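Please treat every number below as a calculation from the coordinates, not as lab data. Everything numeric here is computed off the predicted structure, so don't read it as measured data. A quick note on method: Cβ atoms are made from the backbone with ideal geometry, for glycine too, and the neighbour counts reach across all protein chains shown.
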Amino acid sequence: MLTDFITAAVATLLVVADPVFLSALFLGVTHGMGEKQRREVALRASVIALAILVAAGLGGAKLLALLGISLSAFRIAGGLLLLSSAAEMVFDRRNRREQATADQAISVDHVKNIAAFPLAIPLMAGPGAITAMILLAGRADFRMDYLASLFAVAALVMLACYVSFLMAERIAAVMGVTGRAVMTRLLGIVLAALAVQFVIDGIGAIVAR
């Protein structure tokens, strides 16, 4: 059903993107910028990330076909990749890795192209989000209403990231370090369950042949 598909898309992309967690990194990479500069960076990063996700949803399956990779195989591999991302969230390895990426970008160039790297890539539209888009687009099976819903969900998730960037200072003050840590681990468990479901779907499709 379309409702189930939309629910799965919202849960998957929202957990993978994790706007609340990204708001903390946004504060780090935009440190020293004025409010106008931060708004510009937030908007540009959200637009770039959305374009990447839409491209993955439109062309990802075709690329797999050219490479001779079945969608079932990609579901299993993608599920395992998302499961790895979930483990990073639960055990706090994702925080250290993405913070290191952000710190490296700051040292190279504090302002120029910061919206594209590291915000849009790889923090907002990273391997996990791109994999999720390809898997969800495959589940849509070229049905236009499903694909339109998927892209609408992706746009809403990127909008949520944009809003969280604008409210980054407030979010940091309200949640604190402990609150963000608890939220990240809970989202990691949800993502792990979704990842396992992708693997089950892939195996089920192979067995059903």
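Per residue of the range 35-48, in order, report the coupling 6.51 cos²θ - 1.76 cosθ + 1.60 (Karplus, θ = phi - 60°) as ³J(HN,Hα) in whole Hz, putting x for Gly and Pro.
4, 5, 5, 5, 4, 5, 5, 4, 5, 5, 5, 5, 5, 4
If you look at just the Cα atoms of the chain, how large are its Rg and its Dmax in Å?
For the chain, the Cα-based Rg and Dmax read 17.1, 58 Å.
To the nearest Å, what is the center-to-center distance of the range 143-166 and the range 61-83, using C-alpha atoms only?
22
What is the spin-label model distance, in nm, from residue 206 to residue 178 if the labels are put 7 Å beyond Cα along the C-beta direction?
Placing both labels 7 Å along Cα→Cβ, they lie 4.5 nm apart.
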